[in-house]
């Protein structure tokens, strides 16, 4: 099936600049972008054209790090630091998902909000509860979204009602990963919450599970200095926090490590060597006073990077907000530490991370290329209309900048995933 779309197409196939193609006609066949033409090709002249007028068409957003059970927690307790916030807000909230009826009420709201904000692909944390995390996967599938979902693992340093035995935690993840085989759009991801909440035995077993089932991994890394020191005390035989994940077989090309603010040069080198992806979560890091990832430095070192909302430490699921926050915190870091020669990240670099960069993770997992309007890529798109009069004479790129900084979900008029309008 071929569909034609006419509009102003903006994307970032490379991070150095926005590519703007105005008044283009996109040829989409069986959910894939074929080409962008200046006019309707003769062979398609009999087909209707969906004319989007002077509005913008951009790749849909991808969220590479988000906690579904914390959806109702957005904004709560953000005067606290990470560990206190977990103890007083996050863990009590996650405990409620032992109730499957509660999960059935909350998770469809989370999926609907992802859709509303234009995040049509995501990598999602559930809780330790097998049944409720399966309900989460089903809610995302029903919403028509693409996602990786992980059942969280914790066998120590957690509240009693969330702490599993090592055997049960591993078995639950094994069962969860196999149960998701029947879904079309949602796949499993191995999910140790973070090193302090897992024994070395559990971490090593999860590393084996990831390799045996050929599954990706997600976790947290060096979000705060106190957390990194705690890991050093818990696992003194490993050379660093990053080395501990590597020692357990959990660090590689299919690994997503969120935050990663406090890494030594040796750890950065190991990340590059293992081709793991670090996921920047600017909103969460500022809200919990964790710090600021030296994103520009990592980019210049050749680290693979992604971007996440990290709801609920992040206070919004809108990835266009994360794009702007990425630019803003990089400027703050340059101001606050001028002696370190940090560089500010450009808007195009941040937008690239939220689309093409994050999309590369899905591409590596065999879901086809996505994240830009390139031949053969999945046609994942948002139709953005800022409602400005023609007399304003504002360029398409300036309108996009305005949307990223001052727009909201009301300006997203259509959401298209793999050629299908949701």
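FYI, it's all coordinate maths here, none of it is from the lab. No experiment lies behind these values; they were computed from the predicted model shown. Every residue, glycine as well, gets a Cβ built from its backbone with ideal geometry; the counts of neighbours run over all protein chains shown.
Multiplying each eigenvalue of the alpha-carbon gyration tensor of the stretch 111-239 by 5 and taking the square root yields semi-axes of 27, 17, 13 Å, largest first, rounded to whole angstroms. For the chain, the relative contact order is 21 percent, taking Cα pairs closer than 8 Å that sit 6 or more residues apart in sequence and dividing their mean separation by the residue count.
DSSP beta bridges confined to the chain are antiparallel in about 40 percent of cases. Grouping the Cα pair distances of the stretch 200-290 into 5 Å bins from zero gives a pair-distance distribution of 3, 14, 24, 26, 19, 10, 3, 0 percent in increasing distance order. Legend: ranking of residues 65, 220, 411 from fewest to most surrounding C-beta atoms inside 10 Å; resulting order 411, 220, 65. Neighbour counts of other Cβ atoms within 10 Å put 233, 164, 275, 141 in the fewest-to-most order 233, 275, 141, 164.
For the stretch 235-361, the convex hull drawn through the C-alpha positions has a volume of 111 cubic angstrom per residue.
Under a Gaussian network description of the chain, with springs only between Cα atoms under 10 Å, the residue in 395, 45, 360 that fluctuates furthest is 45.
Normalising the average separation of contacting C-alpha pairs (under 8 angstrom, six or more residues apart) by the number of residues puts the relative contact order of the stretch 162-217 at 36 percent.
When all alpha-carbon pairs of the stretch 61-364 are counted, what percent fall beyond 36 Å?
Value for the stretch 61-364 (Cα pairs over 36 Å): 8 percent.
Counting only Cα atoms, the stretch 3-117 measures 62, 36, 21 Å along its principal axes, largest extent leading.
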